[in-house]
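To start, the structure under review is shown below, and the notes come after it.
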Amino acid sequence: MGGRHDRESELLALRSGAAPAAHDVLSDVLHAAKLTGALFFLVDAAPPWEVGVPHAKAFAPLILPRVQHVISYHVVMHGSCWGALIGGAPVALAAGDILVFPHGDPYVMSSAPVEHTDVDVTSSMEFFRLMAAGELPFTVTEGGSGAERLHLMCGFLGCDARPFNPLLQTLPRMLHVRAACASAHDLLSRLLELTIAESRADRPGGECIRLRLSELLFVEVVRRHVAALPAEQTGWLAGLKDPSIGRALSLLHARPDQAWTLDELARAVGMSRSALAERFSLFVGQPPMQYLTQWRMQVAARLRTDGAAKVASVALQVGYSSEAAFSRTFKKVAGAAPAQWRRR
């Protein structure tokens, strides 16, 4: 955090109408939620084939034991297939398409459209156990003797969902990014090319590079999703695109330790107090000061997990001069006292 002089200078700039550099709110959330690659492999399949994946809570302890939440995604490198949430309608996937399951819901991937109400958890758990232990080849073969081949890239990411992850809360249960949305030279295409090239090369450090690339792929998919949101869309991601709400979020994230009030924030973004409260709640789903409280607790949780900072020090870094008041708020939002959170 900056010093007192820096905070006073920024506050004077806000009051005078000067616009400080915008804070990268999406990166802030991804950093605080500790997005990390967990597992990555390729599938070479021929019809007929069908793979069901249980809820991520079942296999998360096998691939990332200390992670709160697992996100899965699949990239069709060659051929076509279908994907569906359990109990949901199948979606057709073509080469270059990406399918993401942000909330860890059970789902099925298949060579033909199918609808299921359950998944064979036992066989799936054995697969994840063997893959995590390195007892399976990097390229997994599936299916029968059909002539049509499918090359599928499968990735799993870990992140924190508690105490507050506004990105997860706003993403749909199934996110489909079509290849038609990308040009041959955009970032997503280049990341896919790099990932494919690295997956085919047997070089030291390859696994680490592939997992980092999988994180970048997810971030770019989210950015593509944000860019495609319709003008009438609401939600936290849509709020990032809105000039006034995006600026309000940027200010709150840039200075979570500042003694913000609704009046001060409204003046900083050039809105009336009531207009900001109404518009912020419309997009984000809660009032600005309530959002600030939850974001402060997410920052505090990260500080408590990653370092040896004392509770009093963490409290000051997120805007609380009283350790007791901070501890009460943290327990209310996170469900555990700050000292207990780190042990968990």
Requested in this report: Those residues that are at pLDDT 85 or above, buried (at least 20 other Cβ atoms within 10 Å of the Cβ) and of a type in the set (S, T, N, Q), I need them from region 161-203; list them, please.
Outcome: ASN165, THR170
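Could you run through region 144-160 and say how many residues are closer than 21 Å to PHE101 by Cβ and either outside the structural domain of VAL100 (by TED's automatic domain parsing) or modelled with pLDDT of 90 or more (or both)? Walk me through it before giving the result.
Within region 144-160, the subset closer than 21 Å to PHE101 by Cβ is 150-160.
From what is left, the residues that are either outside the structural domain of VAL100 (by TED's automatic domain parsing) or modelled with pLDDT of 90 or more (or both) are 150-159.
Matching residues across region 144-160 total 10.
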Query raised in the report: Taking into account only those residues within region 284-313 that are closer than 16 Å to GLN258 by Cβ and β-branched (Val, Ile, Thr), which is modelled with the highest pLDDT?
Result: THR293
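Among the strands (runs of 3 or more DSSP E) confined wholly to region 107-190, which include 3 or more residues that are of a type in the set (A, V, I, L, M)? Let's see the steps before the verdict.
Details: elements: 107-110, 139-143, 150-159, 175-177.
The qualifying strands (runs of 3 or more DSSP E) are 150-159.
So, in region 310-337, of the ones that are within 26 Å of the chain's Cα centre (by Cα) and part of a loop (DSSP other than H, G, I, E, B), which residue ends up surrounded by the most Cβ atoms within 10 Å (Cβ to Cβ)?
Step one: filter region 310-337 for residues within 26 Å of the chain's Cα centre (by Cα), giving 314-315, 317-319, 329-337.
Applying the additional criterion that residues be part of a loop (DSSP other than H, G, I, E, B) yields 318-319, 335-337.
Details: VAL318: 22, GLY319: 19, GLY335: 12, ALA336: 16, ALA337: 14.
Per the criteria, the residue is VAL318.
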Report summary line: Within region 202-233, of all residues that are over 18 Å from the mean Cα position of the chain (by Cα) and not in a helix (DSSP H, G or I), the one nearest to LEU292 (Cα to Cα) is GLN233
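Residues checked against (1) in contact with a helix residue (DSSP H, G or I) (Cβ under 7 Å, 6 or more places away or on another chain); (2) within 17 Å of ALA32 (Cα to Cα); (3) among the aromatic types (Phe, Trp, Tyr):
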site	(1), (2), (3)
LEU249	yes, yes, no
TRP260	yes, no, yes
ALA266	yes, no, no
LEU276	yes, no, no
PRO287	yes, no, no
LEU292	yes, yes, no
TRP295	yes, yes, yes
LEU303	yes, yes, no
GLN317	yes, yes, no
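SER72: among the polar types (S, T, N, Q) and more than 19 Å from the chain's Cα centre (by Cα), yes or no?
Numbers: among the polar types (S, T, N, Q): yes; more than 19 Å from the chain's Cα centre (by Cα): no.
The answer is no for SER72.
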Query raised in the report: Would you say VAL29 is crowded, with 18+ Cβ neighbours inside 10 Å and either of a type in the set (Val, Ile, Thr) or at pLDDT below 90 (or both)?
Result: yes
Query raised in the report: In the list LEU211, LEU167, LEU175, which residue meets the criterion of being under 30 Å from GLY246 (Cβ atoms), in contact with a strand residue (DSSP E or B) (Cβ under 8 Å, 6 or more places away or on another chain) and not small (Gly, Ala, Ser)?
Result: LEU175
Query raised in the report: With SER72, SER145, SER123, SER110 as the choices, which residue is under 30 Å from ASP28 (Cβ atoms) and among the hydroxyl-bearing types (Ser, Thr, Tyr)?
Result: SER72
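Does THR141 qualify as being surrounded by fewer than 16 Cβ atoms within 10 Å (Cβ to Cβ) and in contact with a Gly (Cβ under 8 Å, 6 or more places away or on another chain)? First the steps, then the outcome.
Values: surrounded by fewer than 16 Cβ atoms within 10 Å (Cβ to Cβ): yes; in contact with a Gly (Cβ under 8 Å, 6 or more places away or on another chain): no.
No, not satisfied.
Answer yes or no: is there a residue in region 83-100 that is part of a strand (DSSP E or B) and either out of contact with any strand residue (DSSP E or B) (no Cβ under 9 Å at 6 or more places or on another chain) or surrounded by fewer than 18 Cβ atoms within 10 Å (Cβ to Cβ) (or both).
Yes - at least one qualifying residue is present in region 83-100.
Which of the residues spanning region 66-82 are in a strand (DSSP E or B) and under 25 Å from SER145 (Cβ atoms)?
Step one: filter region 66-82 for residues in a strand (DSSP E or B), giving 69-78, 81-82.
Answer for region 66-82, where residues must be in a strand (DSSP E or B) and under 25 Å from SER145 (Cβ atoms): HIS74, VAL75, VAL76, MET77, HIS78, CYS81, TRP82.
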Query - Complete set of residues in region 237-267 that are of a type outside the set (Asp, Glu), without any contact (Cβ under 8 Å) to a residue 12 or more places away in the chain and surrounded by fewer than 20 Cβ atoms within 10 Å (Cβ to Cβ) - result: PRO243
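The values are calculated or read from the model by the stated rules, or taken from the named source; none is laboratory data. Computed from a predicted model, the values in this text were never measured in an experiment. No Cβ is skipped: glycine too gets one built from the backbone with ideal geometry, and neighbour counts run over all protein chains shown.
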